[in-house]
1. Taking the conditions exactly as written (touching a residue at least 40 places away in the same chain (Cβ under 8 Å), on the phi < 0 side of the Ramachandran plot and polar (S, T, N, Q)), does residue A:211 satisfy them or not?
2. Kindly indicate whether residue D:227 is small (Gly, Ala, Ser) and in contact (Cβ under 8 Å) with a residue 12 or more places away in the chain.
3. Quick check on the range D:217-249: of everything there that is closer than 26 Å to residue C:189 by Cα and in a loop (DSSP other than H, G, I, E, B), which residue is farthest from the other protein chains (Cβ to nearest Cβ)?
4. When you scan the range B:33-40, do you find a residue that is in contact with a Gly (Cβ under 7 Å, 6 or more places away or on another chain) and modelled with pLDDT of 90 or more, even just one?
5. If a residue has to be among the acidic types (Asp, Glu), within 17 Å of residue D:208 (Cα to Cα) and part of a loop (DSSP other than H, G, I, E, B) to count, how many in the range D:250-282 make the cut?
6. Does residue B:205 fit the bill of being open to solvent by 10 Å² or more (accessible area, probe 1.4 Å), of a type in the set (D, E, K, R) and under 21 Å from residue B:157 (Cβ atoms)?
7. Condition test on residue C:288, is it within 13 Å of chain B (Cβ to nearest Cβ) and in a helix (DSSP H, G or I)?
8. Filtering the range A:38-65 down to residues that are open to solvent by 40 Å² or more (accessible area, probe 1.4 Å) and hydrophobic (A, V, I, L, M, F, W, C), which residue is nearest to the chain's Cα centre (by Cα)?
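The values are calculated or read from the model by the stated rules, or taken from the named source; none is laboratory data. All figures in this text were calculated on a predicted structure; none of them were measured in a lab. Methodologically, a virtual Cβ is constructed for each residue, glycine included, from the backbone with ideal geometry; neighbour enumeration extends over all protein chains shown. Calculation scope for accessible area: heavy atoms of the full protein, side chains included, ligands and nucleic acids excluded. Shrake-Rupley method; radii C 1.70, N 1.55, O 1.52, S 1.80 Å.
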Protein chains: 4
Amino acid sequence: MKQKQWIQFLLAGAVVFLFLFSAQAWGHGGHHHPKPDKTGILLVAFGSSLPEAQAAFEHIDQTVKAAFPDTPAQWAYTSRIIRDKLAKSGKELDSPAEALAEMAADGFTHVAVQSLHTIPGKEYHDLVRIAKNFEQMPGGIAHVQLGLPLLSTQADMAKAAEAILETLPAERKKDEGIALMGHGTHHPSNALYAALMWQVQLRDKNVFVGTVEGYPEAGLIIEQLKAKGIDTAWLMPMMSVAGDHARNDMAGEGQDSWKSRFEAAGIETETVLKGTAEYDAFVDIWVDHLKEAMKKCRPHHHK
Amino acid sequence: MKQKQWIQFLLAGAVVFLFLFSAQAWGHGGHHHPKPDKTGILLVAFGSSLPEAQAAFEHIDQTVKAAFPDTPAQWAYTSRIIRDKLAKSGKELDSPAEALAEMAADGFTHVAVQSLHTIPGKEYHDLVRIAKNFEQMPGGIAHVQLGLPLLSTQADMAKAAEAILETLPAERKKDEGIALMGHGTHHPSNALYAALMWQVQLRDKNVFVGTVEGYPEAGLIIEQLKAKGIDTAWLMPMMSVAGDHARNDMAGEGQDSWKSRFEAAGIETETVLKGTAEYDAFVDIWVDHLKEAMKKCRPHHHK
Amino acid sequence: MKQKQWIQFLLAGAVVFLFLFSAQAWGHGGHHHPKPDKTGILLVAFGSSLPEAQAAFEHIDQTVKAAFPDTPAQWAYTSRIIRDKLAKSGKELDSPAEALAEMAADGFTHVAVQSLHTIPGKEYHDLVRIAKNFEQMPGGIAHVQLGLPLLSTQADMAKAAEAILETLPAERKKDEGIALMGHGTHHPSNALYAALMWQVQLRDKNVFVGTVEGYPEAGLIIEQLKAKGIDTAWLMPMMSVAGDHARNDMAGEGQDSWKSRFEAAGIETETVLKGTAEYDAFVDIWVDHLKEAMKKCRPHHHK
Amino acid sequence: MKQKQWIQFLLAGAVVFLFLFSAQAWGHGGHHHPKPDKTGILLVAFGSSLPEAQAAFEHIDQTVKAAFPDTPAQWAYTSRIIRDKLAKSGKELDSPAEALAEMAADGFTHVAVQSLHTIPGKEYHDLVRIAKNFEQMPGGIAHVQLGLPLLSTQADMAKAAEAILETLPAERKKDEGIALMGHGTHHPSNALYAALMWQVQLRDKNVFVGTVEGYPEAGLIIEQLKAKGIDTAWLMPMMSVAGDHARNDMAGEGQDSWKSRFEAAGIETETVLKGTAEYDAFVDIWVDHLKEAMKKCRPHHHK
């Protein structure tokens, strides 16, 4: 071997050492996160364009910031329709993917994403998959930890049943009905409404949980109330905010609203326009889920 | 440009044309499935090592083969413990991933995977993700379409409620209780048991649905039966096969079995050792789900 | 069955029909893109913070907009360091993930992502995986089609060899050397530099292609020039822009610059500070790749 | 709250504790691998149906088993055509996905997958993605670490150049040509052949590297040999086994074989029917890559 060849091989050798440290970056990928640890919170709601609904979100925002004063928290809305409406009035809200892409670009390595949905339906499962895609993405976020929606584990169901009973209007008499309006979905998680109702009814037989778009439908609740001879019912949203559904589909004057249908069936109604996110009893369940997510999301925590 | 250079560039040009057809294979990947269409069915159960349980699986197998006589159907078990037990007695059962890897290697391009689970819990969601990974895998399966478990949509819940009422033992008197034993889970889909119970109770107040590992627990059902003054209850599995749980946790003589606990509380018991997969009323729900999956799984069907 | 029960089952039946159309949205996911088709272009460069480098990017931008006047085109930079530098001077540039998340939120369903890199190294492969994650993401982009970097297929290599020979400075004499400076990488695609050199040397024995961070290193090129008795060499960037590497590592006065090292070895140097993106001969290769990507990215084009 | 209700809430409370440990299994998934650590090796070759080629694979098998006597090692072939041919003669070979699915079912948690390909082309990149899918799959393999193909880093290129020079036939005279036949591909990694040739030619100007399906094509090598006035060339495979390509496309009597084309151009040929996997000088590069992969694949090794 001549001298020139030796030089060439020594140079090549230098490359080996550099390579040994960097090889996995391209050979395997995705798990190479040399960024310093930086933890953040992303709060994700369906969203609402009603100014009245903002009180509920602000309540959550303040509770979260009080619980995690040192961790930056930002918001994303899953509803494109709501985001587009708000954009027209000059308020830019991120989609979950936009928020996560921005947090990745800003160097966040650990993000707890708290779902502010009521049930783990399509929106929640979409969030899980969006999170997973950001974990897998080069330059993404090493650890994106989902916090569960309001009604998830049986422990949540028990707490939510308790919260419902605690937040019933003081004026309601025991022989008056309660009809909570959940959103409802074609996703199997729709069953959580009937399951919650079964548990609440163990303690108060006159509380019903129905939905706008799933099962049980208003007609079945009306039928049940009539069978019990109940002539007055309180209509209350089982949604985080008292938005469009609460104001129109529940308490509106249109003939398809719950109010109109209950009254057409001879049941007098009282309406409560307050979302679950306005009550600490419910918000605490979400914040407990966020605390759980934050614990799993700590740098060096083994998943 | 000299003649030799022209030859070289003409040769290079030939490569361009070949490339234009193959480029996406490496530039984009995963979607390149030049194999001819070949459709198959994969039936996935938790599994059972009890010979008595095989009747239930054979019933499903025959019903599926009668419904799709031209489509090859094979089985996989999700439980590694069951597979290991069976392997010791010389019966090799595939995991879902093994079955899909084999079907991919055998040239299947479209596979309907029918979950024979009762609820869309962890096992079902794992199957969804396994399916997705095989769709994304080079040399995988272009389209893997999941069929839903027994209790998924509200339509399933209504059909299952009907099936429960239809398959109650003829000898049971109306004032005797029914306690169905589901498996139960920490997954939110555990709520489907209470939701199903709420619906069944609309028609028969004395039918209860409990679980071994979730909510409602046996104690709560015993308490409810006692409150109603019911002194006899029929214990029946709400599981596809009457396997270990039905024989031991439900009908066994151990002091923690439902039978022992019910009797210790002063409730006489009758036990039924037949899984839901032994009744057409339930099997038809699964097979309807498979039919739905097969429709979506047709070659050239746009997802 | 009583009348009330019939009503209840009819209501449940209505849900079935709704479900049949929406089921795959949650059962399968990811492929459900009901948005109307909207096609866009994303141009992705490593980026540069030098104002002088902008000429090269503007040249590409104008060429692309002339080729696709009806398709919105935007930019992203892959280098976080460059993005952070630009942000300090008030210029916000997106990361590829930020740009794609924004395009998804803006309703784009088909996006051609043109890599403006020189070789398909780590940066390009990262882009492929980012694209794939956006295709898999709920609410993502149905089809994200990558356009290849400058040097990819053998046809590109042949065109690039031609482009190098065409863009050599008119003043350079045939017996003077040319040393092109590529970036270089520990990724195997680093081999493209030597492969390109082998092809260029078929027509001009005195043209060399070296790298800053890979192989061949400057020392080997100096050695080869000396062995051939060449005493003058033209240093030219084989990078899209004449940025930091060209100005400092190649043409700088520091003792480790190519200029200094060549001169220390007794080879006089001339330097050319013009990136490949400033020459149509190279830009046309990238734009051809974009045209190819756009063809595959058309709505209803079968991948 | 009555006593019965207290009992109910205490029972629900018990579920909370169980849940806190298992929640991430369904909320996040994929990273939950409670199986005990078990490490294995998977050797992946394109495959060959020729009995003569088995010598090369056996050589690798023995070298690997000597290097890792305590780690079970098994094989998979990427070519479906080869697997189908072998199956007809009763020899069942797994696809990579089948082997990984089986290893997952057998409890392997850490698998080093050594690619026995020559370049990181489509087959290698497919393996990377298959590995990634098994890492993401529930019940999959916690860590699947790829080992690089023969020619990957510049260090490999330097070692391979050396190995080529070491394994040239002793009878070959310095003024006789060498034409190595690589497979070639439309993938950009095809450039590795020309890059390797450039480096080998730094030390032996008469060694050429061509391909069957890529660039450089035989015609260009013949042209170069003629230009140098070389009238004898040794044809040798630059493939792991001397299989179909070596026996037919290189050394065959058909008019399109290299042998026929070289001789038609007036160059006498000698043929060597031995794959690179039969020489320690090459096998050591693959085994070094496997050693590197095994280091990264150790349980508790942080990726």
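1. Working: touching a residue at least 40 places away in the same chain (Cβ under 8 Å): no; on the phi < 0 side of the Ramachandran plot: yes; polar (S, T, N, Q): yes.
No.
2. Judged against the criteria, residue D:227 is not a match.
3. First pass over the range D:217-249, keeping only residues closer than 26 Å to residue C:189 by Cα: D:217-221, D:224, D:236-241, D:245.
Next cut, in a loop (DSSP other than H, G, I, E, B) only: D:217, D:238-241.
Working: D:217: 5, D:238: 14, D:239: 18, D:240: 17, D:241: 21 Å.
Going through the qualifying residues, I end up with D:241.
4. Initial filter on the range B:33-40 (in contact with a Gly (Cβ under 7 Å, 6 or more places away or on another chain)): B:35, B:38.
This time we only want the ones that are modelled with pLDDT of 90 or more, so: B:38.
Yes - at least one qualifying residue is present in the range B:33-40.
5. Applying the first criterion (among the acidic types (Asp, Glu)) to the range D:250-282 yields D:253, D:256, D:263, D:268, D:270, D:278, D:280.
Still in the running and within 17 Å of residue D:208 (Cα to Cα): D:263, D:268, D:270.
Of the ones still in play, those that are also part of a loop (DSSP other than H, G, I, E, B) are none.
Within the range D:250-282, residues that are among the acidic types (Asp, Glu), within 17 Å of residue D:208 (Cα to Cα) and part of a loop (DSSP other than H, G, I, E, B) number 0.
6. Values: open to solvent by 10 Å² or more (accessible area, probe 1.4 Å): yes; of a type in the set (D, E, K, R): yes; under 21 Å from residue B:157 (Cβ atoms): yes.
Yes.
7. On the way: within 13 Å of chain B (Cβ to nearest Cβ): yes; in a helix (DSSP H, G or I): yes.
Yes; evaluated as a whole, the condition is true for this residue.
8. A:46
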